[in-house]
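A short worksheet on the structure shown next.
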Amino acid sequence: MGRKVGVEVSIAAADAVGLCDVDVVAAYPITPQTHVVEHLSELCASGSLDAEFVPVESEHSAMSVCCGSAAAGARTFTATSSQGLALMAEIVFIASSMRLPIVMFLANRALSSPLSIWNDHSDTMMVRDSGWIQVFCENGQEVYDAVFHAFRVAEDARVSLPVMINVDGFNLTHVIEPIEFWTKDMTQKYLPEFKPIHRLYPDKVVTMGAFGMPEIYTEAKMAQNDALLKSFPVIKQGWNELADLTGRKYSPVEMYKTEDAETIILGMGSICETATLAVDQMRDQGKKAGLVKLRLWRPLPVDDIKKALAGAKDVLVLDRAVSFGAANAPVTSEIRAIMYHESNRPNIHNVIAGLGGRDVTPDHIIEMLEMALADKTRGYNIFGVRS
Amino acid sequence: MTKPMDQIGWREIDAGAVITEPGNASCYHTGTWRSQKPKYDSNICIRCWRCFVMCPDAAISPNFDKNIFTWNYDYCKGCGICAYECPVDAITMEED
Ligand code: SF4
Ligand code: SF4
């Protein structure tokens with residue numbers, strides 16, 4: 001077992017990437033992702049990490065380099081945030097449809113305009129349908145562990161898909177937390193050598209990213225969707241074996257005090273830690289409240305969500321992005337769709353909070369819940385907006 | 001030889017729609033696109049090879065025994081480039 005140290009989460013994540021013996025890092029600096037890339041460039045410059053560090057001129061190039069690198073069979077990492085993800089979006093979709101196992105650290109940040117460097121989930125929701133595996137983290141240790149898991153799942157020949165680790169900007173990237181480090185031995189035990197299904201190498205010629213006529217595009221998309229769905233057991237297996245190694249157990253959907261809960265809060269990312277405190281407060285007051293943390297956003301763990309919410313009367317979904325003009329915010333949309341055909345479906349309430357770095361406290365969450373329970377319209381509510 | 005595209009089921013597609021067999025574009029018959037057809041007159045032809053070089057679908061090939069050019073209508077898509085490029089108008093486009 002490794003040592004436990006107080007460290008900034010971004011630095012720890014970069015150290016984890018280094019420990020995974022990454023071959024290529026291609027990234028462009030953007031707040032609040034910078035420390036991850038800076039630290040990786042330091043590791044490369046000092047010689048402690050034998051990797052190719054490509055200081056590209058834009059995020060579009062970063063993801064393009066990553067595609068080429070993964071296609072050549074190299075272990076590949078990038079990190080970005082918000083506008084950077086927007087700029088690389090074109091290639092983000094190509095990475096997944098070409099089944100290239102790239103690992104991305106996404107420091108979740110609001111999209112412009114107004115220009116905001118602070119946290120929400122609008123960036124990741126922009127590429128929600130890109131076909132990447134998307135994982136959310138609640139604290140520093142989870143971010144650190146997620147790096148090892150991401151490489152392992154992405155490169156597994158049964159998966160061969162890119163993985164996006166969602167890390168709330170500043171709220172997680174810039175905080176100093178106690179993190180238990182892995183050792184080289186643990187890493188080697190957990191993460192096998194990357195053996196790509198196909199790779200660009202002259203011994204066996206292949207064409208990647210070819211033209212697809214209407215006769216074949218539908219079949220290609222069906223195959224891609226199937227691949228993403230089939231990554232689910234491999235993702236779970238990765239977490240189970242991580243638990244054997246570290247004692248920390250992760251699941252696609254995690255429950256907190258939900259056994260007898262009448263009211264359940266559901267969220268993703270660092271807001272769950274805040275919600276845990278809100279649930280504790282409500283429990284102290286004798287209210288039957290619980291929390292469901294959605295760790296795996298894509299592929300969506302549909303059956304696990306159904307099971308987790310089955311007994312509740314009311315569910316409050318905390319969304320951290322607006323889907324302009326839509327019927328629901330992104331996470332609520334999915335939860336309502338999943339529960340619609342259930343015979344004992346709960347009332348599902350929607351609250352959007354924490355946009356562009358607006359602080360959310362445990363008291364706010366309690367207030368949101370009261371507000372949502374009183375609202376019979378079950379509309380599309382943005383919390384704390386001044387009139 | 002791989003199957004024509006419209007006979008491949010989704011489970012048969014290689015991961016990432018990677019093409020593992022070089023030259024499989026020959027399974028696709030661009031000749032089905034054609035509305036006009038090039039007509040070749042070997043009496044006018046001066047054997048300059050210009051049509052052969054310019055054809056985007058490699059539908060034109062030389063027949064050395066007969067000293068003429070021949071057209072493969074499985075791949076000729078009727079674009080008219082050969083007719084346009086021929087310096088002596090030995091190729092004319094006709095309704096197909
Ligand atoms: S019409 Fe176009 S495709 Fe057909 S032979 Fe001429 S150049 Fe080639
Ligand atoms: S371009 Fe015209 S003249 Fe030249 S080889 Fe072709 S048909 Fe003959």
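Quick notes on this structure:
- Taken over region B:74-88, the residue count meeting the criterion of being charged (D, E, K, R) and near ligand 2 (Cβ under 8 Å from one of its atoms) is 1.
- The single condition from (1) within 22 Å of A:GLU155 (Cβ to Cβ); (2) more than 23 Å from the chain's Cα centre (by Cα); (3) of a type in the set (Lys, Arg) that A:LYS236 fails is (2).
- The set of residues from region A:238-258 being assigned to a loop (DSSP other than H, G, I, E, B) and either touching a strand residue (DSSP E or B) at 6+ places or on another chain (Cβ under 6 Å) or at negative phi (or both) comprises A:ARG248, A:LYS249, A:TYR250, A:SER251, A:PRO252, A:LYS257, A:THR258.
- Among the residues of region A:101-122, those that are touching a strand residue (DSSP E or B) at 6+ places or on another chain (Cβ under 6 Å) and not aromatic (Phe, Trp, Tyr) comprise A:ILE102, A:VAL103, A:MET104, A:LEU106, A:ALA107, A:ASN108, A:ASN119, A:HIS121.
- Screening B:VAL18 on (1) over 19 Å from A:GLN224 (Cβ atoms); (2) out of contact with any helix residue (DSSP H, G or I) (no Cβ under 8 Å at 6 or more places or on another chain); (3) among the hydrophobic types (A, V, I, L, M, F, W, C) shows it passes everything except condition (1).
- For region B:1-20, a residue qualifies if it is hydrophobic (A, V, I, L, M, F, W, C) and either surrounded by 14 or more Cβ atoms within 10 Å (Cβ to Cβ) or modelled with pLDDT of 95 or more (or both), and the qualifying residues are B:MET5, B:ILE8, B:TRP10, B:ILE13, B:ALA15, B:ALA17, B:VAL18, B:ILE19.
- Counting only strands (runs of 3 or more DSSP E) that sit completely within region B:21-96, those holding 3 or more residues that are more than 8 Å from ligand 1 (Cβ to nearest atom) and open to solvent by 50 Å² or more (accessible area, probe 1.4 Å) correspond to B:91-95.
- First in region B:74-85 and within 14 Å of chain A (Cβ to nearest Cβ), second anywhere and assigned to a loop (DSSP other than H, G, I, E, B) and more than 7 Å from ligand 1 (Cβ to nearest atom), Cβ under 9 Å, 6 or more apart: B:LYS77/B:ARG34
- Across region B:39-54, the qualifying residues are those that are within 13 Å of B:ALA83 (Cβ to Cβ) and within 9 Å of ligand 2 (Cβ to nearest atom), and the one among them that is nearest to the other protein chains (Cβ to nearest Cβ) is B:MET54.
- Complete set of residues in region A:139-177 that are in a loop (DSSP other than H, G, I, E, B) and either on the phi > 0 side of the Ramachandran plot or open to solvent by 20 Å² or more (accessible area, probe 1.4 Å) (or both): A:ASN139, A:ASP156, A:ALA157, A:ARG158, A:SER160, A:PHE170, A:ASN171, A:HIS174, A:VAL175
- Taken over region A:259-275, the criterion of being buried (at least 24 other Cβ atoms within 10 Å of the Cβ) and not in a helix (DSSP H, G or I) is satisfied by A:ALA261, A:ILE264, A:ILE265, A:LEU266, A:GLY267, A:MET268, A:GLY269, A:SER270.
- A:SER41, sole failed condition from (1) touching a residue at least 24 places away in the same chain (Cβ under 8 Å); (2) within 21 Å of A:LEU85 (Cα to Cα); (3) surrounded by fewer than 20 Cβ atoms within 10 Å (Cβ to Cβ): (1)
Yes/no matrix, rows are residues, columns are (1) among the β-branched types (Val, Ile, Thr); (2) at pLDDT below 95; (3) more than 10 Å from the chain's Cα centre (by Cα):
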position	(1), (2), (3)
B:THR30	yes, yes, no
B:GLN36	no, no, yes
B:ASN43	no, no, yes
B:CYS51	no, no, yes
B:MET54	no, no, yes
B:ASN67	no, no, yes
B:TRP71	no, no, no
B:GLY80	no, no, yes
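- The single condition among (1) open to solvent by 10 Å² or more (accessible area, probe 1.4 Å); (2) farther than 27 Å from A:LEU115 by Cα that A:GLU57 does not satisfy is (2).
- Any pair with Cβ under 6 angstrom, 6 or more apart, that starts in region A:167-195 at a residue that is touching a residue at least 60 places away in the same chain (Cβ under 8 Å) and ends at one that is open to solvent by 80 Å² or more (accessible area, probe 1.4 Å): A:PRO178/A:LYS4; A:GLU180/A:LYS4; A:PHE181/A:ARG3
- Checking A:LEU300 against (1) under 11 Å from A:MET255 (Cα atoms); (2) not in a helix (DSSP H, G or I), the condition it does not meet: (1)
- The condition (being more than 14 Å from every other protein chain (Cβ to nearest Cβ) and part of a helix (DSSP H, G or I)) is satisfied by just one residue among A:ALA223, A:ALA227, A:ALA278: A:ALA278.
- Criterion violated by A:TYR190 - all others in (1) within 14 Å of another protein chain (Cβ to nearest Cβ); (2) touching a helix residue (DSSP H, G or I) at 6+ places or on another chain (Cβ under 7 Å) satisfied: (1)
- Residues of region A:199-211 classified as open to solvent by 40 Å² or more (accessible area, probe 1.4 Å) and either assigned to a loop (DSSP other than H, G, I, E, B) or within 7 Å of another protein chain (Cβ to nearest Cβ) (or both), total: 9
- Extreme residue, nearest to A:PHE93 (Cα to Cα), among residues of region A:303-325 that are of a type outside the set (A, V, I, L, M, F, W, C) and in a loop (DSSP other than H, G, I, E, B): A:SER323
The values are calculated or read from the model by the stated rules, or taken from the named source; none is laboratory data. All values reported here derive from a predicted model rather than from experimental measurement. Quick reminder, even Gly has a Cβ in these numbers, built from the backbone with ideal geometry, and neighbours come from all protein chains shown. Calculation scope for accessible area: heavy atoms of the full protein, side chains included, ligands and nucleic acids excluded. Shrake-Rupley method; radii C 1.70, N 1.55, O 1.52, S 1.80 Å.
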